[in-house]
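Taking it in order: structure first as structure tokens, then the write-up.
The values are calculated or read from the model by the stated rules, or taken from the named source; none is laboratory data. Computed from a predicted structure; not experimentally measured. Note that each Cβ is placed from the backbone with ideal geometry, even for glycine, and that neighbours are counted across all protein chains shown. Please note that ligands, DNA and RNA were not included when accessible areas were found on the heavy atoms of the full protein model with its side chains. Shrake-Rupley method; radii C 1.70, N 1.55, O 1.52, S 1.80 Å.
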Amino acid sequence: MSELVIYLDGEFVPRSKAVVSVFDHGFLYGDGIFEGIRSYSGNVFRLKEHIKRLYESAKSILLEIPLTQQEMEDSVLEVLRRNQLPDAYIRLVVSRGAGDLGLDPRNCKKASVVIIAEQLKLYPQEFYDNGLALVTVPTRRNNPDALNPKIKSLNYLNNILVKLEAARAGVMEALMLNHEGYVCEGSGDNVFLVKDGKVITPPTYLGALEGITRNAIIDICQRLGIPCEEKPFTRHDVYVADEVFLTGTAAEVIPVVDVDSRIIGNGKPGQMTELLTREFRKITVVEGTKVPGLA
Ligand code: PMP
């Protein structure tokens, strides 16, 4: 297999040559932002929304991206074309760039842009067939007053702690509460519950990322006339929900059947979750931006 080609600061370089400086403030301080994007059969799902979220994160942290949004979109498509990858997971990173050891980002002369696309690694089918067990963990989501989680920043340390805490509890994923104890999201996924026919997800002001998949599920509910609300809820509400599921670019929609040893519903993926999964999969191909030049 030929070596993966990576976009690095305007050039397309082989994986083995794609390196950034140890003085990059993304490396030294987590000073940067990123996106995780996915393509389905040569169509990039909601590419414009991902790019918009990236540029909004950049604006919020006063990071100037040296490409227009259109150039960024074209670069993503070009990485897929060069690697001939119709089904890919795409990681887009913009860091503050190389500076000195001091904190001051004004010493970083130019932001660094990296686009990596690799063959999609699907989650095991059993996750979708049987559902996941989750635990709630001690690590809380960032307080939006401190670092707003709408900024998809390179500061993922608490998400990483959540992963470790989940693994120690013997499960794959966990629920993070926010600073007030409301249910917020998973380590890398948004959370939904279904109760009495209503689909409910926490409002983003509680501290969840405004997930692209989350928004797609809300859109689907609106189109199908399924009641859907953004409303704060607690762990108790999760325990007594009829269904629980997680959403994210990599995971799509994953049923949850056990939270903190409370069986959710009848312990099997629920009907609403299955319906929304089917509807989500239908839109993934039709809503995408087509990658030109794929064989
Ligand atoms: N929350 C967090 C913390 C995430 O990292 C992600 C993955 N980007 C999500 C939610 C899901 O967002 P999306 O649907 O845009 O992938």
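Observations
- Counting heavy atoms of the protein chains alone, LYS195 has an accessible area of about 70 Å² for a 1.4 Å probe.
- Rg to Rh, two decimals, where the chain supplies the alpha carbon set and Rh follows Kirkwood: 0.97
- Rounded Å value of the spacing that divides the Cα centres of region 145-211 and region 4-48: 24 Å
- Computed over protein heavy atoms with a 1.4 angstrom probe, the accessible surface ordering of LYS163, LYS48, largest first, is LYS48, LYS163.
- Computed about the Cα centre, the dipole magnitude for region 184-262 is approximately 120 debye when only Lys and Arg (+1) and Asp and Glu (-1) carry charge, each at its Cβ.
- You can think of it this way: the chain between GLU118 and LYS17 has 34.8 nm of extra reach, that is 0.36 nm per residue less the Cα-Cα gap.
- Within the accessible area of region 141-295, the carbon and sulfur atoms contribute 52%, probe 1.4 Å, all protein chains present.
- Projecting the Cα positions of SER187, LEU122, ILE264 onto the charge dipole of the chain (unit charges on Cβ atoms of Lys, Arg, Asp and Glu, taken about the Cα centre) puts LEU122 furthest along the positive direction.
- Per residue solvent-accessible surface (Å²) - region 190-240, probe of 1.4 Å: 41 Å²
- For ILE6, the accessible surface of its heavy atoms amounts to roughly 10 Å² (probe 1.4 Å, protein chains only, rounded to the nearest 10).
- Across ASP9, ASP237, the residue with the most accessible area heads the list, and the full order at a 1.4 Å probe is ASP9, ASP237.
- Accessible area (Å², 1.4 Å probe, nearest 10) - PHE27: 150 Å²
- Exposure ranking of MET272, MET72 by accessible area [1.4 Å probe, largest first]: MET272, MET72
- Mean ellipticity per residue at 222 nm, deg cm²/dmol - from DSSP H runs of n ≥ 4 across the chain, formula -39500 (n - 2.57): -9000 deg cm²/dmol
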